[in-house]
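Student: Before I ask anything, let me first share the structure, which is written out below as structure tokens.
Any read-out appearing in this document is the output of simple, stated calculations on the displayed coordinates, not a laboratory observation. Keep in mind the model is a prediction, meaning the values are calculated, not measured. Note that each Cβ is placed from the backbone with ideal geometry, even for glycine, and that neighbours are counted across all protein chains shown.
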Amino acid sequence: MAGERPAFWLTVLLAGATVWIVPRLPLADLPQHAGQIALWHDLLLGTSQWQSLVQVNYFTPYLVGCGLAVLLSFVMPVSGALKLLLALSYYGFVLGCITLRRRMGADQRLDWLSITGFFGLAYLYGFFPFLFALPVGLAFMVLGHRHAERPTIASGMLLAGTGLVLFYSHGLVFLFANLVGVAFLLLRRRSIASLLAAALPYAALGLLCLAYLLARLPEAEHVVAKPEWPGLFNAVNHLLFFPMGMPGADWVLAALVPLLLGVPWLLGCRINWRNKLAFVPLVVLLLWVVAVPETAMETFFVVSRFAVFLLPFYALLFLPPATPRVRPAWVMAGVAAISWTFLGVEVERLTAFARESATFDEALADAAPGHRALQLVLDAGSEAARTPMAYTNFPLWYQAEKQGLVDFNFAMYAAQVVRYRDPNAARAMPIGSYRFFFVRSLKPLPTPFFPTGACQPVLRKSAGPWILFEAVNCPGQ
């Protein structure tokens, strides 16, 4: 189709720019990461009043993405730093998918399948370190494929160096990408001696991973969740429908995924049976879905978040048609229409969310900076953004923008960059320890809302569903 490449790059450019539409994105965990970055920023400057409560943990798989955000926070607001890195991560993700597709010799028209998956479940939940690590993981897979084809000392060192960056970007992406790389190596190398030599970068990275697990072992008894497997049906269901929207909340967008899976067949593409390495990423993804628990330690949606790879890895299997077809023009027009429809829906929802979430600014403006706060989000869903968890951690913007400290807080988790010195102490704080209470409720609050006692917070501001209470002259403040 004439103009297919310019249309593709224009779509990618605009898709990445959607993060700038709204002041605060409707991504559930993103305010928590913003709060982490703001805390780290102030700790580096030595200006944080919370230094006695929190500390910086540098041996963590979240270091690189959050570290870059902290550096950017010295020249722009934290929200802007996160948006910039999300946009760059999206562009890097698409470029990584294209590079891997080129190495496999797949049909370049299937690059369109890499456009929408980034905005699926992992994006809606605001898994910022995971999203940041996706292009790094793809770079590692590309280098792993090259190393498997022709291993040298230089390719091994480059692979190990990229793996080191990936480890400090996100642990799950690190594990997944290493599985893909090892599979490349096992399928390409034939002699035991050459295999062992080529596997040295993976062995070194494995030792790093082991060191991290041993460091975390003393804290294993305090993890918040035991492993849970989703079951085969649920796992496949998540894989098929989480690349767009959310099942149960957004079936309209989720239904577009099966349509895109049919694109290679409508284009007349051929399965690349001769290149067994082209199947590796998708096979590893399917095995990951079947064998890995959905919940492990402090991490949730371990399986579902990897649906981001389904469409681009599926595209790796297909070669261009052996002979030109008449059909591709209307097929590619349909693919472009699906992509633009998806982006149009995203833009409309973000615009609506900007209006819907504006009342939070009114409550935030009345909260004096630098205090401890408690978030009580009774209704976390957003009708505008069509997600059931958009406001789950929204009060953490008080921590990110006004130097406060808000509970519930990711600083309770051992894997985070900024941690409570005593996570257990933060789990049972009396009401009197908090100055502000950010409440979101679509229904009138019961009376009394707070437990009766000497400390009774008073209403400070009511704006739409947001209610700000302030505790004045409470013991322990």
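Student: In a shell of Cβ-Cβ distance under 13 Å around Q36, excluding Q36 itself, what net charge do Lys and Arg (+1) and Asp and Glu (-1) give?
Tutor: Cβ neighbours under 13 Å give a net charge of -1.
Student: Candidates (1) 28.8; (2) 24.0; (3) 32.2; which is the computed mean projected area of the Cα convex hull in nm²?
Tutor: Among (1) 28.8; (2) 24.0; (3) 32.2, the one calculated here is (2).
Student: Skipping prolines and chain starts, which residues have an amide H placed within reach, meaning under 5 Å, of the one on E298, given they are 5 or more residues away or on another chain?
Tutor: Under 5 Å from the amide H of E298: V224.
Student: Under a crude label model (7 Å from the Cα following the beta-carbon direction), how far is L71 from A193 in nanometres?
Tutor: For the pair L71/A193, the computed spacing is 4.3 nm.
Student: Roughly how many nanometres apart are two label points built 7 Å out from the Cα toward the Cβ at Y58 and R102?
Tutor: Here the modelled spin labels are 3.7 nm apart.
Student: Have a look at the DSSP beta bridges in the chain and tell me what percent are antiparallel, nearest 5.
Tutor: That works out to approximately 70 percent antiparallel.
Student: I would also like to ask the following. Report, in whole Å, the centroid distance computed from the Cα atoms of segment 376-404 and segment 257-301.
Tutor: 33
Student: Around V54, which amide H atoms from residues at least 5 apart in sequence, or from another chain, sit under 5 Å from its own amide H, with H modelled in the peptide plane?
Tutor: R421
Student: Looking at G404, P243, Q55, which one has the Cα that reaches farthest to the positive end of the dipole of the chain (charges on Cβ: Lys, Arg +1; Asp, Glu -1)?
Tutor: The one lying farthest along the dipole's positive direction is P243.
Student: Taking the Cα centre of the chain as origin, work out the dipole magnitude from +1 charges on Lys and Arg Cβ and -1 charges on Asp and Glu Cβ, in debye rounded to 20.
Tutor: Once rounded to the nearest 20, the dipole reads 1460 debye.
Student: For segment 358-470, with only Lys/Arg (+1) and Asp/Glu (-1) charged at the beta-carbon, what is the dipole magnitude about the Cα centre, in debye rounded to 20?
Tutor: I would put it at about 240 debye.
Student: Could you tell me the calculated FRET efficiency between A17 and S462, based on Cβ-Cβ distance and R0 = 41 angstrom, to the nearest 0.05?
Tutor: 0.70
Student: Could you give the angle, 0 to 90 degrees to the nearest 10, between helix 328-356's Cα long axis and the longest principal axis of the Cα atoms of the chain?
Tutor: Orientation of helix 328-356: about 10 degrees from the principal axis.
Student: Could you please rank C97, C209, placing first whichever residue has the fewest other Cβ atoms within 10 Å of its Cβ?
Tutor: C209, C97
Student: Can you tell me the FRET efficiency between A380 and R146 if r is taken as the Cβ-Cβ distance and R0 is 41 Å, rounded to the nearest 0.05?
Tutor: Efficiency computed from Cβ-Cβ geometry: 0.40.
Student: Which of C269, C455, C66 comes first, and how do the rest follow, when ranked by fewest Cβ neighbours within 10 Å?
Tutor: C455, C269, C66
Student: Also, I was wondering about something else. Counting other beta carbons within 10 Å of each residue's own, what order do S191, S73 fall into, fewest first?
Tutor: S191, S73
Student: Considering amide H positions built from the backbone, and no H for Pro or chain starts, which residues 5 or more places from I271, or on another chain, come under 5 Å of its amide H?
Tutor: It is L319, by chain and number.
Student: Here is a follow-up. Once you put a point 7 Å from the Cα of L445 and another 7 Å from the Cα of R5, both along the Cβ direction, what distance in nm separates them?
Tutor: 5.9
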